[in-house]
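Reviewing the structure listed below.
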Protein chains: 2
Amino acid sequence: MNIGAASKASGVSQRMIRHYEQIGLIPGAPRRDSGYRDYSEADVHRLRFIANARDLGFAISEIGTLLALWSDQNRASGEVRSLALAHAEELGRKARALEAMRQTLLTLAQQCHGDERPDCPILQRLED
Amino acid sequence: MNIGAASKASGVSQRMIRHYEQIGLIPGAPRRDSGYRDYSEADVHRLRFIANARDLGFAISEIGTLLALWSDQNRASGEVRSLALAHAEELGRKARALEAMRQTLLTLAQQCHGDERPDCPILQRLED
DNA sequence: GCTTGACCCTGACATGATGTAAAGGTCCAA
DNA sequence: TTGGACCTTTACATCATGTCAGGGTCAAGC
């Protein structure tokens, strides 16, 4: 399977497939005489795994660990679980930070009459 | 005032002050004979404005608009308000996306016994 | 006056994940 | 055989920020 087909089947862009190969996240695909990369179903499976992990917000480095655990038949599920929980906590931190910014903005916007007059509590707050 | 003092007074790193100057977010500071940049209180004031806006998650391009509105005595507060509300909505979108990822992970982690056994619903989910 | 340490300058490289574009080789069907 | 769709590598861009190197400046103390 060429990289284009592997990309379509996995949902990972060609650009990122090559990138993952370059940074060592996935092994280099075997090449045909033409130099074209050749992918198997198992490769596509792994790429889909990566895409799913990205969709859950895991960073590339974490995905490296997940891939290692995935292919380790003797893994302890506790390891995967604590990695997931740590990541969930990090996501929560980020979400709360964004939400706090949002609340601040909503509060300020509420205090702003928002008409033609130049007077504006939002700008005043940014000044302090 | 040298850039170091301006940085301390405003909370913006020297690196970022130079960067903001380079991308045109702030005007270039006047130079002494030595080539050192020289900052006024007004400059520090503007830098603090930028730092506050960054803390509220505004992107540089948005801050450019905010700075223009800030220095426009004839601005309509409605403009600032709608910019802030649009940004708040964007923050909400991001926060909700992170929260959804987090919930998915927590649900999966709950279904994972998390012990020495290799069986793990989290990895199974990533496979699909 | 000289040294020393703290400060400043520019330029470059790095991050993380991804897109895009250029310049060129390959494959297949008509 | 030709055209179009595909592949290759390389390089540059994004966004905000850090850090480092190699060099100039300033001020205080000797």
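The values are calculated or read from the model by the stated rules, or taken from the named source; none is laboratory data. As the structure is a prediction and not an experimental result, all values here were calculated from the model. Reconstructed Cβ throughout: ideal geometry from the backbone, glycine too, with neighbour counts over all protein chains shown. All accessible areas refer to the heavy atoms of the entire protein, side chains included, with ligands and DNA or RNA removed. Shrake-Rupley method; radii C 1.70, N 1.55, O 1.52, S 1.80 Å.
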Inset, instruction - Once every Cα of the range B:1-75 carries one equal point scatterer and solvent is ignored, give the base-10 log of I(q)/I(0) from the Debye formula at q = 0.11, 0.13, 0.19 Å⁻¹, two decimals. - result: -0.26, -0.37, -0.76
Legend entry - Cβ-vector label at 7 Å, residue B:4, separations to other copies in nm: 5.9
Legend entry - Set of the range B:92-128 residues, backbone N closer than 20 Å to the point 7 Å along the Cα-Cβ line of residue A:106: B:92-103
Inset, instruction - Work out the FRET efficiency for residue A:51 and residue B:34 from their Cβ-Cβ distance, taking R0 = 45 Å, and round it to the nearest 0.05. - result: 0.25
Inset, instruction - Go through A:105, A:49, B:29 and say which Cα lies farthest out towards the positive end of the charge dipole of the protein assembly as shown; charges sit on Cβ, +1 for Lys and Arg, -1 for Asp and Glu. - result: B:29
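Rounded if a/c is under 1.5, else prolate if a/b is larger than b/c, else oblate: which is the protein assembly as shown, with a ≥ b ≥ c the root eigenvalues of its Cα gyration tensor?
The shape class here is prolate.
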Inset, instruction - Taking each label point as 7 Å beyond Cα in the direction of the beta carbon, state the distances from residue A:40 to the same residue in the other copies, shortest first, in nm. - result: 7.1
Inset, instruction - Run down the lysines and flag those whose C-alpha is under 20 Å from the C-alpha of residue B:94, throwing out any fewer than 8 positions away in its chain. - result: A:94
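Report the A-B buried area as the accessible area lost on both sides summed, probe 1.4 Å, in Å² to the nearest 100.
Roughly 4300 Å².
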Legend entry - Label-point gap, in nm, between residue B:19 and residue B:119 - each point 7 angstrom along Cα→Cβ: 5.0 nm
Legend entry - Å² per residue, accessible surface of the protein assembly as shown at 1.4 Å: 55 Å²
Inset, instruction - Just tell me how shielded B:90-100 is by partners: mean number of partner chain Cβ atoms within 10 Å of each residue's Cβ, no decimals. - result: 6
Inset, instruction - Express in whole angstrom the spacing between the alpha-carbon centres of the range A:86-125 and the range A:1-56. - result: 41 Å
Inset, instruction - Within the range A:9-58, list the trypsin sites (Lys or Arg not before Pro) lying in a DSSP loop whose Cβ has at most 15 other Cβ atoms in a 10 Å radius. - result: A:32
